[in-house]
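Here is the structure we will look at, set down as structure tokens.
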Amino acid sequence: MKTIFLFLTLIPMLSIGQNKIEPTKTILSTSSYVKSVDNLTLVAAFELSKRVTESAAKLNTKVSMAILDASGIPILILRADNVGPHNTEAARRKAYTALSTKTATLQLLRNTEINPDSKNLNTLPELLLLSGGTPIWYKGNIIGSIGVAGGGSAENDDLIAKSAEIKEIGITTTK
């Protein structure tokens, strides 16, 4: 009888001990780790450079230009005949500045002139607060940028850079 009583007493403890509680598994989502980003392609850069060159020709000038992808890597850097070599680096830095600040460099330059808090932007090594850089947008997202230098004036550089659009498919220089 004692054995049966002992056995009946141990059964609940054994059955409780057998109930394992499974640890809660964290469900990982790819979207937490991977994000798709729209980006300019080399084909788009060639088309944009063609349109920019045509725009410069209408103003009877030649320019250097740099087209960057969304991460700031140069896709295409061009220098027209007889354009000073310093303009090539200026174009790249203008494009980088526009991409980094999400602002056309002429507008950024004007903003820094009226806001003393932002005047130090010009001390950052890669930024160049000169007219001629603009972000390139697609569906509200920056997909790259362009910098133009050597157009003869700040207004020309800005106007020529803003001609880097393929409006037919939604690639623009305005958000």
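Each value in this text was obtained by applying a stated rule to the coordinates, not by laboratory testing. Please read all numbers here as calculations on a predicted model, not as lab measurements. Virtual Cβ from ideal backbone geometry, glycine too; neighbours counted across all protein chains shown.
Observations, loosely collected:
- Alpha carbon Rg of the chain, scaled by the compact-globule rule 2.2 N^0.38 Å: 1.88
- Taking trypsin sites (Lys or Arg not before Pro) across region 40-117, the ones in a DSSP loop with at most 13 further Cβ atoms lying within 10 angstrom of their Cβ are LYS102.
- Neighbours of LYS139, meaning other residues whose beta-carbon lies under 11 angstrom from its beta-carbon, give a summed charge of 0 when Lys and Arg score +1 and Asp and Glu score -1.
- Charging the Cβ of each Asp and Glu at -1 and of each Lys and Arg at +1, and nothing else, the dipole of the chain about its Cα centre rounds to 580 debye.
- Estimated from helices alone, the mean residue ellipticity of the chain at 222 nm is -13000 deg cm²/dmol (sum of -39500 (n - 2.57) over DSSP H runs with n ≥ 4, per residue).
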